[in-house]
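The values are calculated or read from the model by the stated rules, or taken from the named source; none is laboratory data. Quick caveat: nothing in here was measured; it's all calculated off a predicted structure. We place every Cβ from the backbone using ideal geometry, glycine too, and count neighbours over all the protein chains shown. The protein model used for the area step is the full one, side chains on, heavy atoms only, and it has no ligands, DNA or RNA in it. Shrake-Rupley method; radii C 1.70, N 1.55, O 1.52, S 1.80 Å.
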Amino acid sequence: MRWPGSAGRLFRKRRGEGATEFLLDTFEYPGLVYHPSGCHYSAVRFAVWAPEDLSMVDCSCSLCRKKQHRHFLVPASRFTLLLGSKTIVTYGSYRHTELHSFCS
């Protein structure tokens, strides 16, 4: 069986540790693509299962506007923090109830 796109390439690379979990996730999230990513400095690494074409949104908090951050939302069940939990800081705007986490 061949998996399309990034999922197939990543499964072939994993062959050992984590390959089984990745394969199970591939079948649990049909139609979604595995998106590995992280911060600019590689201190934080994460992965999400989401549509291939991500629908980005603009946040109106002062920090996101200043840094021109764009976001996409996924359910927590489709998000995995792979590296860097100790380097994450959380920012909350006094005008909004949302909290944003960033690499320190």
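The length gained on full extension between residue 29 and residue 63, counted as 0.36 nm times the residue separation minus their Cα-Cα distance, comes to 9.0 nm. Heavy-atom accessible area with a 1.4 Å probe sorts 74, 48, largest first, into 74, 48.
Between residue 39 and residue 100, the modelled label-to-label distance comes to 1.4 nm, taking each label 7 Å out from Cα in the direction of the beta carbon.
Each peptide in 49-56, 63-70 gets a packing score, the mean of other Cβ atoms within 10 Å over its residues, and the list from highest to lowest is 49-56, 63-70. Ligands, DNA and RNA excluded, the heavy atoms of residue 102 present near 40 Å² of accessible surface to a 1.4 Å solvent probe.
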